[in-house]
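Each remark here refers to the structure printed beneath this line.
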Amino acid sequence: MDFWDRVKTTIDKSFDSSKEWFDKAKGTAHELGERGVLRVEIMQLESRAEKLTAKLGALTYELLVKKGQGHVGAKTEGLKEVIEEIGSIETRISHKEAALEALKRKEES
């Protein structure tokens, strides 16, 4: 197994272990109420975005260095999908943060 296969395997394993941890935390947060659930979901999405950012870097390096591509961009196959997923996650985080703020205002009223 070469270096990049090991990097990809490590990233995939960290996704799985993070998902397990966040699934457990999400169950606990449910008991703490809607605010807790929203906070945990935001943390989970942020963690996923961070991991996807690392994956994006690894894929970019592989394309530029290992495969010898002269340049890559946001529309490069393989990168485009990861970039779109990161954008989708950012949108979901914004919606959850807005819901959390609305809930805080409602509780303060």
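Since every read-out is calculated from the coordinates, none of them should be taken as a lab result. These numbers were taken from a predicted model, which means no experiment stands behind them. Note: ideal-geometry Cβ built from the backbone for every residue, glycine included; neighbour counts use all protein chains shown.
Do the alpha carbons of any pairs in Lys13/Lys55; Lys51/Lys104; Lys24/Lys55; Lys55/Lys80 sit beyond 18 Å of each other, and which pairs?
Pairs exceeding 18 Å: Lys51/Lys104; Lys24/Lys55.
Taking 8 Å as the Cα distance limit and 6 or more residues as the minimum spacing, I'd like the relative contact order of the chain as a percentage. Each step should come with its number before you reach the end.
Values: 58 pairs, mean separation 31.8, N = 109.
Averaging sequence separation for qualifying contacts and normalising by length gives 29 percent for the chain.
What area, in nm² and to one decimal, does the C-alpha convex hull of the chain cast on average over all directions?
Values: hull surface 31.4 nm².
That works out to 7.9 nm², a quarter of the Cα hull's surface.
So, with +1 on the Cβ of K and R and -1 on the Cβ of D and E, and no other charges, what is the size of the charge dipole of the stretch 3-108 about its Cα centre, to the nearest 20 debye? Don't skip to the answer; put the middle values down first.
Values: 20 positive and 20 negative charges, 47 e Å.
Roughly 220 debye, rounded to the nearest 20.
Using packing as a proxy for protection, rank 84-96, 44-56 so that the peptide with the highest average count of other Cβ atoms within 10 Å comes first. Each step should come with its number before you reach the end.
Numbers: 84-96: 14.3, 44-56: 17.1.
Sorting 84-96, 44-56 by mean packing, highest first, produces 44-56, 84-96.
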